[in-house]
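Written below as structure tokens is the structure these notes are about.
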Amino acid sequence: MRVSRRGITLAEVLVGLVITAVMIAGIVALEMARSSISDQARDDAGIKYPSRAEAHLAALNLTKRIETADRYVVNGTSLQLRHPQMTGACAVGVPAPACFDDPNNYQWSEYQGGAGGTFLFYRNTGAGCANVQTLVGSDVAVNFVSNGDMVAFTLTWTNPGNGEVMVFPGEVSLLNRSVNGGLGLQAPSLVVSNPPAGC
């Protein structure tokens, strides 16, 4: 019996090299696409610029707080909101109408554009301005506009890297504002819990 000692031909070597080159080119292209998608996902998620994600979350927070307020005061870059905060017997079950006539059952808060592109939230401003939370640390401009039973706002974020601008707008109805001609939930004859001085 004869054993064949035939080696690899030049043609077979060239075909193998071409297949290997195509595989390497495909892997390089796939890695470049993955890297690009990863960078885009980081940008979209706000990881690269946390202030962008903060501005988006602040717009969501602001929308909900406006919606549940019963009174508001707009002053350009600041917005004061009043929310019912039932205390004592009024906090149990469904509050009686008289509960809405008690100034102790309301709490004012304020959103304010601050220095250096910050966006601040002051909780319970009737007790002063000490309880402050920074919603956006930098790179944002804020504007509020009064529109009857609605508040319109824009949070404009500027990318510190390339100057690109992203706007987070909102126009939100106050669910309880139309009661009593915009004075809130108290009896029409009463003026209860006027806004405190701004922070």
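Rule-based calculations on the coordinates, nothing more; no lab input. Keep in mind the model is a prediction, meaning the values are calculated, not measured. Counting neighbours? That spans all protein chains shown, and the Cβs are built from the backbone with ideal geometry, glycine included.
What the table below lists for this structure:
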{"item": "Karplus-derived HN-Hα couplings along the range 183-193 (A = 6.51, B = -1.76, C = 1.60, θ = phi - 60°), whole Hz, x at Gly and Pro", "result": "7, x, 8, 6, 4, x, 7, 9, 10, 10, 6"}
{"item": "Residues whose placed amide H lies under 5 Å from that of residue 85, excluding near-sequence neighbours", "result": "106, 107"}
{"item": "Cα gyration tensor shape of the range 106-166, rounded if a/c is under 1.5, else prolate or oblate by comparing a/b with b/c", "result": "oblate"}
{"item": "The chain - mean residue ellipticity at 222 nm from DSSP helices (-39,500 (n - 2.57) per run, n ≥ 4, rounded to 500)", "result": "-10000 deg cm²/dmol"}
{"item": "Peptides ranked, highest mean first, by Cβ atoms within 10 Å: ranges 120-130, 25-35", "result": "120-130, 25-35"}
{"item": "Table column - 3J(HN,Hα) (Hz), the range 75-82, Karplus curve with 6.51, -1.76, 1.60, x for Gly and Pro", "result": "9, x, 9, 10, 9, 9, 10, 10"}
{"item": "Rounded to 10°, Cα long-axis angle of helix 10-45 versus longest principal axis of the chain", "result": "10"}
{"item": "Percentage relative contact order, the range 1-150, counting C-alpha pairs under 8 Å, at least six apart", "result": "18"}
{"item": "Check: the range 100-199 dipole with +1 on Lys, Arg Cβ and -1 on Asp, Glu Cβ, in debye", "result": "100"}
